[in-house]
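Report on the following structure.
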Amino acid sequence: MLRDGFGREVDSFRIVVTMRCNYNCIFCHREGLTGLDRAEVLTPDDYRYLAYVSRKLGIVYFKITGGEPLLRRDTPDIIKGVREYSKEVSLTTNGYFLKNLAGKLADAGLDRLNVSVHSLNDEVYQAITRTRGSVKLILEGIEQALEHGIKVKLNFLAMKINLGEFEKIIEYASSKGVDVNVIELIPLGTPHHVYLEQRTSLDPIIEKLHRISSNITISNFQNRPIYTLPSGIKVNVIKGYGNPDLCARCTRLRLTPEGWIKTCIFLEEPFVDISKELKNKDEYGVVEKIKKAVSIRKPYFTRGRS
Ligand SMILES: Nc1nc2c(ncn2[C@@H]2O[C@H](COP(=O)(O)OP(=O)(O)OP(=O)(O)O)[C@@H](O)[C@H]2O)c(=O)[nH]1
Ligand code: SF4
Ligand code: SF4
């Protein structure tokens, strides 16, 4: 198992396969963005090779994301190749294309999905996503995914505009038996005025969760508090900004669509370019680049800097 200079194990890759998206959410942080080149350089075969080499280093969990990863037609092929060598492949999506693609994703071996459902009210949903989309389509996609045996988790980013909907989200999730991530708005990528207007403390939600949950645990990944509700669903609380606890157990590397390893969501640099080694199937080179990225990782927030 690889460990960085701060004793943090590295066992997962978060892969941004595209920067493209059909939505334009008010808070989007376009996390694969390098400011250099946004081409989708890596192919399913490159990702498969990455998983093949990564497994030898103990990196066995993969998250596929974007942009909107289902805009790439070859995303099921990416999943299939990566799944051959990993313990788990999950995908984070806005859910727009899920209804038609759930079967293909299941056939490719996808273990679980995070689907953004920031509101169950179309007006609010449209204001957040800046689309004319209806959340009904997303819920139908979730049904399809569940029918195909894919585990689903809802991503609910709490803001002033949707805070009042938390209970409805929990009710919906409980009725479907799906877990929920409650996510705090972070300033990354969010325009300053939106951050000021929409940022809200998660405290009222956390207080409520404390009151109603039957069990509270802390996840190994990023020390996230997990509340088990009487309905059996789990609610994860993700405070992604100024939170040293999260960074203390951050076990993932990130990969941009052009094949640059990123060491932290908040750092635009340093990057480690692994694209050539992947394309050349240069195992020694891939191992060295991954080790280099691990060696320069640092927790972004620490006790003195939170
Ligand atoms: N600070 C920080 N925030 C993160 C990180 N990864 C994810 N987040 C936040 O968590 C939210 C949910 O991320 P997802 O990719 O859907 O899920 P995940 O983090 O892989 O966790 P799972 O629910 O276990 O799949 C994101 O929108 C970010 O706000 C990270 O490495 N650092
Ligand atoms: S769906 Fe995700 S990637 Fe697309 S605009 Fe919204 S936050 Fe950004
Ligand atoms: S802020 Fe950086 S170091 Fe901290 S949890 Fe997120 S990615 Fe990891």
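Could you identify the single residue in Leu70, Leu113 that is in a helix (DSSP H, G or I), closer than 20 Å to Glu140 by Cβ, modelled with pLDDT of 95 or more and touching a Leu at 6+ places or on another chain (Cβ under 9 Å)? Don't jump to the end; show me each part of the working.
Details: Leu113 fails: in a helix (DSSP H, G or I).
Leu70 is the lone residue from the list that is in a helix (DSSP H, G or I), closer than 20 Å to Glu140 by Cβ, modelled with pLDDT of 95 or more and touching a Leu at 6+ places or on another chain (Cβ under 9 Å).
Restricting the search to region 173-182, which residues are touching a Leu at 6+ places or on another chain (Cβ under 6 Å) and part of a helix (DSSP H, G or I)?
Passing the criteria: only Ala173.
Matching residues to (1) in a loop (DSSP other than H, G, I, E, B); (2) at pLDDT 95 or above; (3) away from ligand 1 (no atom under 13 Å from the Cβ); (4) touching a Leu at 6+ places or on another chain (Cβ under 8 Å):
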{"position": "Phe13", "(1), (2), (3), (4)": "no, yes, no, yes"}
{"position": "Arg30", "(1), (2), (3), (4)": "yes, no, no, no"}
{"position": "Gly35", "(1), (2), (3), (4)": "yes, no, yes, no"}
{"position": "Val41", "(1), (2), (3), (4)": "yes, no, yes, no"}
{"position": "Tyr49", "(1), (2), (3), (4)": "no, yes, yes, yes"}
{"position": "Gly58", "(1), (2), (3), (4)": "yes, yes, yes, yes"}
{"position": "Ile64", "(1), (2), (3), (4)": "no, yes, no, yes"}
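Test of understanding: among Tyr96, Tyr52, which residue is near ligand 2 (Cβ under 9 Å from one of its atoms) and touching a helix residue (DSSP H, G or I) at 6+ places or on another chain (Cβ under 9 Å)?
Tyr96
State the number of residues belonging to region 182-197 that are farther than 16 Å from Ile169 by Cβ and of a type in the set (Asp, Glu).
1
Search region 233-269 for residues being within 25 Å of Glu167 (Cβ to Cβ) and out of contact with any helix residue (DSSP H, G or I) (no Cβ under 8 Å at 6 or more places or on another chain), and hand back the single one that is farthest from ligand 2 (Cβ to nearest atom).
Filtering first and then ranking leaves Lys234.
Closer than 21 Å to Glu9 by Cα and of a type outside the set (Ser, Thr, Tyr): does that describe Arg211?
no
May I ask you to verify whether Lys168 is free of Cβ contacts under 8 Å to residues at least 40 places away in the same chain, on the phi < 0 side of the Ramachandran plot and away from ligand 2 (no atom under 16 Å from the Cβ)?
Taking the combined requirement at face value, the residue does not satisfy it.
For residues in region 198-242 being over 19 Å from Ser174 (Cβ atoms) and among the aromatic types (Phe, Trp, Tyr), which is surrounded by the most Cβ atoms within 10 Å (Cβ to Cβ)?
If we take residues in region 198-242 being over 19 Å from Ser174 (Cβ atoms) and among the aromatic types (Phe, Trp, Tyr), then Tyr241 is surrounded by the most Cβ atoms within 10 Å (Cβ to Cβ).
Just to be sure before I move on: is Tyr61 within 16 Å of ligand 3 (Cβ to nearest atom) and either surrounded by 21 or more Cβ atoms within 10 Å (Cβ to Cβ) or within 27 Å of Met1 (Cα to Cα) (or both) in the structure I sent?
yes
Here is a yes/no grid of residues against (1) in contact with a strand residue (DSSP E or B) (Cβ under 9 Å, 6 or more places away or on another chain); (2) near ligand 3 (Cβ under 8 Å from one of its atoms); (3) of a type in the set (S, T, N, Q):
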| position | (1), (2), (3) |
| --- | --- |
| Lys239 | yes, no, no |
| Ala248 | no, no, no |
| Ile261 | yes, no, no |
| Phe266 | no, yes, no |
| Val272 | yes, no, no |
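Give Ile15, Ile79 a once-over and let me know the one that is more than 16 Å from Glu258 (Cβ to Cβ) and either buried (at least 16 other Cβ atoms within 10 Å of the Cβ) or touching a helix residue (DSSP H, G or I) at 6+ places or on another chain (Cβ under 7 Å) (or both). Don't jump to the end; show me each part of the working.
On the way: Ile15 fails: more than 16 Å from Glu258 (Cβ to Cβ).
Just a single option satisfies the conditions, and that option is Ile79.
Restrict the check to region 145-160 and report whether at least one residue is in a helix (DSSP H, G or I), within 22 Å of the chain's Cα centre (by Cα), closer than 17 Å to Tyr227 by Cα and among the aromatic types (Phe, Trp, Tyr).
There is no residue in region 145-160 that is in a helix (DSSP H, G or I), within 22 Å of the chain's Cα centre (by Cα), closer than 17 Å to Tyr227 by Cα and among the aromatic types (Phe, Trp, Tyr).
For Gly242, which of the numbered conditions (1) on the phi > 0 side of the Ramachandran plot; (2) away from ligand 1 (no atom under 16 Å from the Cβ) fails to hold?
Every condition holds for Gly242 apart from (2).
Residues that are at pLDDT below 95 and more than 21 Å from Val60 (Cβ to Cβ): which helices (runs of 4 or more DSSP H) entirely in region 183-297 hold 3 or more of them?
Output list reads 192-198.
What are the residues in region 201-260 that are under 17 Å from the mean Cα position of the chain (by Cα) and aromatic (Phe, Trp, Tyr), if any?
Phe221, Tyr241
Which residue pairs have Cβ atoms under 6 Å apart, sit 6 or more places apart or on different chains, and have a first residue in region 8-21 that is within 16 Å of ligand 2 (Cβ to nearest atom) and a second that is polar (S, T, N, Q)?
From residues that are within 16 Å of ligand 2 (Cβ to nearest atom), the pairs are Val16/Thr65; Val16/Thr256.
The values are calculated or read from the model by the stated rules, or taken from the named source; none is laboratory data. The structure displayed is predicted, hence computed values, not measured ones. Cβ coordinates were reconstructed from backbone atoms using ideal geometry, including for glycine residues, and neighbour counts include every protein chain displayed.
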